[in-house]
Amino acid sequence: MATRSRKRPAANPWLVLRRSSIQGRGVCARTDIPMGTRLIEYTGERIGHAEADRRDDAERRHHHHTFLFIVNSRTVIDARYGGNVSRFINHSCDPNCEARFHGARIWITAIRDIHAGEEVSYDYEYDWDPGYTLDDLAVYACQCGSERCRGTLVDLPEDQRHLGEQLRRQPARKRA
């Protein structure tokens, strides 16, 4: 009797999943990585914005932890379904990588040399909404710990940077 074996994807030569000093699990460099290296594609199920909003609203009822990445005006990638280790790359206000668009594909690329064992990160740059309050921004509180931390994952306009400073001065809120 033949048994079916599920093929595991090959391990990424650059990245390994580990416990993060920023939050939960994170992705670390398996080896030294030179600046400009394309590390991994952000993959997952491609869905429309209405479905992404529905999934995001359902997820927020439990806690804020999203794997949604907006590609364009029609498409969002939900890495919870069919995603790879890239979904565990944490945010940092002083990142060593960035997300770069190549057509409808998103690649995480090193923007400086990264040492073996170092956590890989990029700036999530969540869109600013002029209606955001301090409580709204606290939902997206940043825990990167960098000296350049803006206090939130939201990309604050220059005239709103004081809100991030207020967040950093507040005692850390427990995430759900």
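The values are calculated or read from the model by the stated rules, or taken from the named source; none is laboratory data. No experiment lies behind these values; they were computed from the predicted model shown. Cβ atoms come from the backbone with ideal geometry, glycine included; neighbour counts cover every protein chain shown. For the accessible areas, the whole protein counts, side chains as well, though only heavy atoms, and no ligand, DNA or RNA atoms are used. Shrake-Rupley method; radii C 1.70, N 1.55, O 1.52, S 1.80 Å.
Computed quantities for the displayed model
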item: q = 0.09 Å⁻¹: log10 I(q)/I(0) that the Debye formula gives for the chain, counting C-alpha atoms only; result: -0.34
item: GLN170-VAL71 pseudo-label distance in nm [points 7 Å out on the Cα-to-Cβ vector]; result: 3.5 nm
item: With all protein chains modelled, accessible area of SER20 [1.4 Å, Å²]; result: 20 Å²
item: Label-to-label distance, nm, for residues given as GLU147 and LEU134 (7 Å Cα→Cβ offset); result: 2.7 nm
item: Fluctuation leader among GLY145, GLY24, GLY36 - the chain, Gaussian network, Cα springs under 10 angstrom; result: GLY24
item: Helix-only CD estimate at 222 nm, as mean residue ellipticity for the chain, using -39500 (n - 2.57) per DSSP H run (n ≥ 4); result: -4500 deg cm²/dmol
item: Among ASP127, ASP56, ASP113, residue whose mean-square fluctuation peaks in a GNM of the chain (springs only between Cα atoms under 10 Å); result: ASP127
item: Heavy-atom accessible area order for VAL85, VAL120, largest first, 1.4 Å probe; result: VAL85, VAL120
item: Within a Gaussian network of the chain (alpha carbon springs, distance under 10 Å), most fluctuating of THR31, THR66, THR133; result: THR133
item: Solvent-accessible area, 1.4 Å probe, carbon plus sulfur percent, for the chain; result: 48 percent
item: Cut-off 15 Å between beta-carbons: net charge of the residues surrounding CYS93, Lys and Arg +1, Asp and Glu -1; result: -4
item: Reference-scaled alpha-carbon Rg (2.2 N^0.38 Å with N residues) for the range 9-107; result: 1.12
